[in-house]
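Comments concern the structure below.
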Amino acid sequence: MQPVFGESTPEAAQQPVVRLIWSTRGRTWGFRFLSDGGFPDPLPVYESAFSGMNDSPRLCSRVGSVVVLRFPDPEGRRDTSGRIIPHEFVVYEPLAAAVNSVKDGLRVVWPLVAEYYAEVWDRSPLNLAGPNDE
């Protein structure tokens, strides 16, 4: 199952919509949302979900019906300062039901975004388009 980020193609209409907020950074660009979960402004929702969470590099916590998930880049990619790149997600149902640990997140969520991230992580910030913009 590949994510559908609001595309309106016949193929997209046949795939389940994966709703998640995804924040990360790239090789040369700082934190930004690569998926907004369908919110016009995902920042307040993201901040609320992560509120009170620890700063551990690996985190999985259920908050109501959503899962808050954080893990370091599975490919070990780093930014230009040498820092490992974290991926932070707010995962909504029905996908959230399958995520009860970081291991689950790596198995269930990461494959949905890995290909897209591989395409954009080392782009210039000026050439970075979100999944809805391509």
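The values are calculated or read from the model by the stated rules, or taken from the named source; none is laboratory data. Computed from a prediction, not measured in an experiment: that's the story for all the values here. All Cβ positions, glycine included, derive from the backbone under ideal geometry; neighbour counts span all protein chains shown.
Below is a table of values for the structure above.
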{"item": "Leading residue by the ranking (surrounded by the most Cβ atoms within 10 Å (Cβ to Cβ)) among those in the stretch 20-59 that are more than 16 Å from residue 112 (Cα to Cα) and among the small types (Gly, Ala, Ser)", "result": "49"}
{"item": "Unmet criterion (only one of (1) assigned to a strand (DSSP E or B); (2) at pLDDT 95 or above) for residue 43", "result": "(1)"}
{"item": "Residues that are among the acidic types (Asp, Glu), modelled with pLDDT of 90 or more, surrounded by fewer than 18 Cβ atoms within 10 Å (Cβ to Cβ) and not in a helix (DSSP H, G or I), drawn from the stretch 76-134", "result": "79, 93"}
{"item": "Residues of the stretch 70-115 that turn out to be closer than 15 Å to residue 34 by Cα and in contact with an Asp or Glu (Cβ under 9 Å, 6 or more places away or on another chain), as a count", "result": "5"}
{"item": "Residue list for the stretch 81-124, filter: basic (Lys, Arg) and under 20 Å from residue 53 (Cβ atoms)", "result": "83, 103"}
{"item": "Flag for residue 38 being in a loop (DSSP other than H, G, I, E, B) and out of contact with any Leu (no Cβ under 9 Å at 6 or more places or on another chain)", "result": "yes"}
{"item": "Qualifying positions in the stretch 31-41 - touching a residue at least 24 places away in the same chain (Cβ under 8 Å) and more than 11 Å from the chain's Cα centre (by Cα)", "result": "38"}
{"item": "Per-region count, the stretch 51-75, residues aromatic (Phe, Trp, Tyr) and not in a strand (DSSP E or B)", "result": "0"}
